[in-house]
Structures are given as C-alpha cells and as structure tokens.
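I have placed the structure first, in the form of structure tokens, so that the comments after it can refer back to it.
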Amino acid sequence: MGSDRDREIQLRLCSLNECNPSKLYQADIQEIIDDTLKHLGERTETIFRLSRFEGLTNREIAAELGISEKTVEYHMSKALKELRVSLEDYLPMLLFFNLYHLVG
C-alpha cells in the first residue's frame, strides 16, 4: 500500500515540476494586455506595440509617427503604468516562476 501512495506522490511532484504557470496564464495575460491597450487609445497602443513587440527605439517610433521622442515617452509611461495596475495579480507569480526557472 505504501508503494501506491509513494507513486502517487511522485506523480504529483513530477506534474508540478512540468507545470509552467507563465504558459498556463499566457492567454489570460495577453487578453489583459490587449484590453488595457485598447482602453488607452489607438496612439498609446500603437506606440507600445512598436516598442515592445517590434523592438523599435523611442527615436525610431517618433520618426515613424512624426511625433517627438517626449511624446513617445509619455505614451510608453502611460501604457506601462496602466499595465502594472491591470496585471498586478499576475506579476508576483510570474516573477517568482521566472526566477525559479532561472535558478532551477
């Protein structure tokens, strides 16, 4: 009987080790990001996506959109502030598991 219990415990531990919470919540997080950016307006959403998803610098974004770098900085700051609030429930967990995977 003890061996069945030991196998069950081992199976559960293996399942936990294979669990990657960031992947489990990825769709939820992406939906929150999309909803938050849409709520902030088209200009802020465009600037954020160009910066974070396409890797453009503030200077490149400013040139592409015909605006100042200060305007880009304003919109990025606005987006990041709102995203921190929108994702506040997910941030501690993601930070913990990202650090855990780096160490482990």
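The values are calculated or read from the model by the stated rules, or taken from the named source; none is laboratory data. A quick note: this is a predicted structure, and the numbers were derived from the prediction, not measured. Heads up, the Cβs are rebuilt from the backbone with ideal geometry, glycines too, and the neighbour counts pull from every protein chain shown.
Residues considered: 95, 50, 102, 37. Of these, the only one that is in a helix (DSSP H, G or I), more than 14 Å from the chain's Cα centre (by Cα) and modelled with pLDDT under 95 is 102. Residue 55 meets the stated requirement of being at pLDDT 85 or above and surrounded by fewer than 11 Cβ atoms within 10 Å (Cβ to Cβ).
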